[in-house]
Amino acid sequence: MVFRIPDGFNDALGSPLLCAGITVYAPLKRYYKPNFSCAVIGIGGLGHLAVQYASKLGMTVTAFTTSKNREQEIKRLGASNLSSSINVESLKTEQGKYDIVINTLYIEDEEVFKSHQRLTAPTGTYIQVGAPPSKVNFKLDHAYIILNQIRVAGSLIGNYDETQEMLEFSAQNNVYPIVETFEFEDFPKAFDRMEKAQAKFRCVVNVGKWAQANGLWK
């Protein structure tokens, strides 16, 4: 599949958008309306992009995270407020407030996970993009969802048109991931940081420079 790279697009930062970026952009764009309130749960590789997209789409964003020490950084991405993603009592105070909830996490604690779903306002949309381990079936809070007419959605990347639109939107609105960059020779270091969940927030390896040096660039 081939996409047109928009003018002004930052190639060095942009590659993760073709996975993490479209994974959160596509469902947000499908279900949002301007001035909606949006909860983004988990401010990692997916979540820090979801905050940016939701904010640039015109929504008021609350970031649910355990990283309260990064408040200023997360607010610079576009969040208006921060709240705990794991404290059940704190989550209860936010119940039913958000037109859209996008959850980039899967939490094994059933009460916490159901509390995430209960953030969704009546007739709102709950979007799950964080996947559990392959043999785990997560449980929906069926009573809350049915009684409040909640739409439940999932998303795994997007179609061609959505991806092209996402690239254009990102270039126009300066939405890019925070990345750590590595030369091709340092690929093992990048892989190690990814395996240990130490990357902030994505690792990008410069394959192009190596390809040019080795006569593989056309």
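The values are calculated or read from the model by the stated rules, or taken from the named source; none is laboratory data. Everything quoted here is computed from the prediction, not taken from an experiment. Cβ placement follows ideal geometry from the backbone for every residue including glycine, while neighbour counts extend to all protein chains displayed. With ligands, DNA and RNA removed, areas are computed over all heavy atoms of the protein, side chains included. Shrake-Rupley method; radii C 1.70, N 1.55, O 1.52, S 1.80 Å.
Residues with amide H under 5 Å of Ser83's amide H, sequence separation 5 or more or different chain, H placed in the peptide plane at 1.01 Å from N; which?
Ala63, Phe64, Thr65
Tell me the mean residue ellipticity at 222 nm calculated for the chain from its helices only (DSSP H runs of n ≥ 4, each -39500 (n - 2.57), averaged over every residue, nearest 500).
That calculation yields -10500 deg cm²/dmol at 222 nm.
Let me have the relative contact order for the stretch 74-182, percent, based on Cα pairs under 8 Å that are six or more residues apart.
For the stretch 74-182, the relative contact order is 21 percent.
Around Glu180, which amide H atoms from residues at least 5 apart in sequence, or from another chain, sit under 5 Å from its own amide H, with H modelled in the peptide plane?
Result for Glu180 returns Lys200, Phe201, Arg202, Cys203, Val204.
Only Cα pairs within less than 10 Å get springs; with that Gaussian network setup on the chain, which residue of Lys29, Lys92, Lys196 has the largest fluctuation?
Ranking Lys29, Lys92, Lys196 by mean-square fluctuation puts Lys196 first.
Which three lengths, in whole Å and largest first, does the chain cover when its Cα atoms are put on their principal axes?
62, 36, 34
If you place +1 on the Cβ of every Lys and Arg, -1 on the Cβ of every Asp and Glu, and leave all else neutral, what size is the dipole of the stretch 94-218 about its Cα centre, to the nearest 20 Debye?
Details: 13 positive and 17 negative charges, 19 e Å.
Using only the charged Cβ atoms, the result is roughly 100 debye.
Using the heavy atoms of the protein chains alone and a 1.4 angstrom probe, what is the accessible area of the stretch 1-115 per residue in square angstrom? Intermediate values should be presented prior to the final figure.
Numbers: 5110 Å² over 115 residues.
It amounts to 44 Å² per residue over the stretch 1-115.
Contact order normalised by length for the stretch 1-132, with contacts defined as Cα pairs under 8 Å and 6 or more residues apart; what percent is it?
Answer for the stretch 1-132 is 23 percent.
Given the stretch 147-193, report the % of alpha carbon pairs whose separation exceeds 16 Å.
Above the 16 Å cut-off, the stretch 147-193 has 67 percent of its Cα pairs.
Report the full-extension gain for the segment Asp192 to Val207: residue separation times 0.36 nm, less the Cα-Cα distance, to one decimal in nm.
In short, 3.7 nm is gained.
Output the direction-averaged projected area (hull surface divided by four) of the convex hull of the alpha-carbon atoms of the stretch 33-123, in nm².
5.3
Would you mind telling me the share, in percent, of accessible area of the stretch 93-209 contributed by carbon and sulfur at probe 1.4 angstrom? Could you put the intermediate results ahead of the total?
Numbers: 3410 of 6580 Å².
Whole-percent figure for carbon plus sulfur exposure: 52.
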